[in-house]
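The values are calculated or read from the model by the stated rules, or taken from the named source; none is laboratory data. What you are looking at is a predicted structure, and each value in this text was computed from that prediction instead of being measured. With ideal geometry, Cβ positions are generated from the backbone for all residues, glycine too; neighbour counts draw on all protein chains shown.
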Amino acid sequence: MTEELTLHIDTMTPQRFAELLSDSTVPAAHRALWALLAEVEFNLTDFLSLDVRDTTATMLSAAGASKTGLTEMLIPENASVLLQETIGDRTEGAVFMEDGKSMSREAAVQAARQYAGCSIHAFRNSGFEWKSRPAD
């Protein structure tokens, strides 16, 4: 007897993604993280380890090569505004903070479940057809 393995991959529609990014009840740090996960080829660990000094208005620089081998990436326009809101006037420290300390992987995963009702990976797995679409 052969067992069948079923794999479920969380995804979301472009409309749902846009709703989440504009939902002011979701902390800006999580919305910025989701926008970056969807469009930038760093992984979650790369983002959570970013220091404010690793960012400019248009560029992210990882401390070392990401798993994809990249060390610098342009910040997409929709993520840039959220990232600036997240950083505010801070000049050092973790980009992604929660309750005054660096955001943990567990906190990022929990927030995706709480606010979006999906896994954190859904922001990567959604096909990204919305990236090149003009706003409706």
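Starting from residues that are charged (D, E, K, R) and modelled with pLDDT of 90 or more, keep the ones in segment 100-136 and report whichever is surrounded by the fewest Cβ atoms within 10 Å (Cβ to Cβ).
Applying the first criterion (charged (D, E, K, R)) to segment 100-136 yields 101, 105-106, 113, 124, 129, 131, 133, 136.
After this cut, where a residue has to be modelled with pLDDT of 90 or more as well, the list is 101, 105-106, 113.
Values: K101: 10, R105: 11, E106: 8, R113: 12.
Taking the candidates together, the pick is E106.
Listed here are the residues, each with its yes/no results for (1) under 12 Å from the mean Cα position of the chain (by Cα); (2) at pLDDT below 85; (3) of a type outside the set (K, R).
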position: E3; (1), (2), (3): no, yes, yes
position: A18; (1), (2), (3): no, no, yes
position: A29; (1), (2), (3): yes, no, yes
position: A38; (1), (2), (3): yes, no, yes
position: N43; (1), (2), (3): yes, yes, yes
position: A63; (1), (2), (3): no, yes, yes
position: S66; (1), (2), (3): no, yes, yes
position: T71; (1), (2), (3): no, yes, yes
position: N78; (1), (2), (3): yes, yes, yes
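How many residues does segment 20-47 contain that are touching a strand residue (DSSP E or B) at 6+ places or on another chain (Cβ under 7 Å) and under 19 Å from C118 (Cα atoms)?
Keep residues of segment 20-47 that are touching a strand residue (DSSP E or B) at 6+ places or on another chain (Cβ under 7 Å), which gives 29, 40-42.
Imposing the further condition that a residue be under 19 Å from C118 (Cα atoms) reduces the set to 29.
Residues flagged as touching a strand residue (DSSP E or B) at 6+ places or on another chain (Cβ under 7 Å) and under 19 Å from C118 (Cα atoms) within segment 20-47 amount to 1.
Restricting attention to segment 45-59, does a residue exist that is closer than 15 Å to R124 by Cβ and surrounded by fewer than 20 Cβ atoms within 10 Å (Cβ to Cβ)? Yes; the residues of segment 45-59 include at least one that is closer than 15 Å to R124 by Cβ and surrounded by fewer than 20 Cβ atoms within 10 Å (Cβ to Cβ). Residue pairs whose Cβ atoms lie under 6 Å apart, separated by 6 or more positions or on different chains, with the first residue in segment 76-99 and under 16 Å from D54 (Cα atoms) and the second assigned to a strand (DSSP E or B) and of a type in the set (S, T, Y), are A94/S102.
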